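The values are calculated or read from the model by the stated rules, or taken from the named source; none is laboratory data. As the structure is a prediction and not an experimental result, all values here were calculated from the model. Heads up, the Cβs are rebuilt from the backbone with ideal geometry, glycines too, and the neighbour counts pull from every protein chain shown. Heads up: the accessible areas ignore ligands, DNA and RNA and are worked out on the full protein's heavy atoms, side chains in. Shrake-Rupley method; radii C 1.70, N 1.55, O 1.52, S 1.80 Å.
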Amino acid sequence: MRLLFITATRIGDVVLSTGILDHLIRTHPGARVTVACGPACTGLFAHLPGLDRVIAMQKRPAALHWLSLWRECIATRWDLAVDLRGSALTGLVRARRRIVRRGGRRGGRKGMHRIAELGGLLGLDPPPLPVVWTSAGEREAALRHIPPGGPVIGLGPTANWPGKVWPSDRFAALFQALAQAPLVGARAAIFAGPGAAERDAAEAVIRALPAASVIDLAGRLSLTEA
């Protein structure tokens, strides 16, 4: 079976879609999977079972990225094409079966609402929850980065645009409240992506926390390691 899976461009939205991809893989053993997603998200699929390739969709003027994707996909006859972007492309490739999320490019519902919506495309109730595919080496690295020794509170103080960034003093206040009770003696693991902007946002939270309680992982991990 050859499966084409067209998902979102942003990391959070892609993560929310991983549950239905995992379901499709488990219910179609031996499937060969091609994933199309945003460039920042390609690493999420590095250890996907049955992966043939990941196509990074870099947005281009006049929606020419869809033409590029069509060129990548038209030569293959797909057994199933799943399009969570609600694009016209799915109808222009050769596929025995298509599942298309209508209105997929509009914003709106997030979290469990989005997961339920995606599960509904496959008639799944309850819907499958998000998953992450990791390697043994990454799991070993996680133990080195965050060794045993009491509770850990993960803080992700960055976002893809400033309006979504929670103020650093609120991250610090939340951590301090949790570290007093119920997670007495907790450490703070700080997660952020690469780049100066991400580092600056993470630094603001790091400076607001007791130095002895901070595990600084900002910009140091791949997506699957995180």
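Screening Thr7 against (1) more than 21 Å from Leu92 (Cβ to Cβ); (2) open to solvent by less than 10 Å² (accessible area, probe 1.4 Å) leaves a single unmet condition, (1). Residues in segment 109-164 that are small (Gly, Ala, Ser), assigned to a loop (DSSP other than H, G, I, E, B) and surrounded by 12 or more Cβ atoms within 10 Å (Cβ to Cβ): Ser135, Gly156, Ala159. The residues of segment 166-180 that are within 11 Å of Val205 (Cβ to Cβ) and either in contact with a Lys or Arg (Cβ under 6 Å, 6 or more places away or on another chain) or surrounded by 15 or more Cβ atoms within 10 Å (Cβ to Cβ) (or both), listed by number, are Trp166, Ser168, Phe171, Ala172, Phe175. The strands (runs of 3 or more DSSP E) falling completely within segment 30-106 that include 1 or more residues that are touching a residue at least 60 places away in the same chain (Cβ under 8 Å) and over 22 Å from the mean Cα position of the chain (by Cα) map to 78-83, 95-100.
Please work out if Ile20 is at pLDDT 95 or above, open to solvent by 10 Å² or more (accessible area, probe 1.4 Å), closer than 15 Å to Leu3 by Cα and among the β-branched types (Val, Ile, Thr). Give the derivation first.
Working: at pLDDT 95 or above: yes; open to solvent by 10 Å² or more (accessible area, probe 1.4 Å): no; closer than 15 Å to Leu3 by Cα: yes; among the β-branched types (Val, Ile, Thr): yes.
Judged against the criteria, Ile20 is not a match.
Look at Leu183 and say whether it is under 14 Å from Gly154 (Cα atoms) and either in contact (Cβ under 8 Å) with a residue 24 or more places away in the chain or in a loop (DSSP other than H, G, I, E, B) (or both). For Leu183, the condition - under 14 Å from Gly154 (Cα atoms) and either in contact (Cβ under 8 Å) with a residue 24 or more places away in the chain or in a loop (DSSP other than H, G, I, E, B) (or both) - is met. All conditions but one from (1) free of Cβ contacts under 8 Å to residues at least 12 places away in the same chain; (2) touching a strand residue (DSSP E or B) at 6+ places or on another chain (Cβ under 8 Å) apply to Trp161; the one that does not is (2).
Open to solvent by 50 Å² or more (accessible area, probe 1.4 Å), among the hydrophobic types (A, V, I, L, M, F, W, C), at pLDDT below 95 and over 25 Å from Leu129 (Cα atoms) - does that describe any residue in segment 84-91?
Looking only at segment 84-91, we keep the residues that are open to solvent by 50 Å² or more (accessible area, probe 1.4 Å), and these are 88, 91.
Narrowing further to those that are among the hydrophobic types (A, V, I, L, M, F, W, C): 88.
Narrowing further to those that are at pLDDT below 95: 88.
Filter once more, so that each one left must be over 25 Å from Leu129 (Cα atoms): 88.
Yes, some residue in segment 84-91 is open to solvent by 50 Å² or more (accessible area, probe 1.4 Å), among the hydrophobic types (A, V, I, L, M, F, W, C), at pLDDT below 95 and over 25 Å from Leu129 (Cα atoms).
Residues in segment 131-163 that are at pLDDT 90 or above and of a type in the set (S, T, N, Q) were compared, and the one that is nearest to the chain's Cα centre (by Cα) is Thr134. For segment 186-226, a residue qualifies if it is within 19 Å of the chain's Cα centre (by Cα) and open to solvent by 40 Å² or more (accessible area, probe 1.4 Å), and the qualifying residues are Phe191, Pro194, Gly195, Glu198, Gly219, Arg220, Ser222, Leu223, Glu225, Ala226. Within segment 60-81, not a single residue is at pLDDT 95 or above, surrounded by 11 or more Cβ atoms within 10 Å (Cβ to Cβ) and closer than 16 Å to Asp13 by Cβ.
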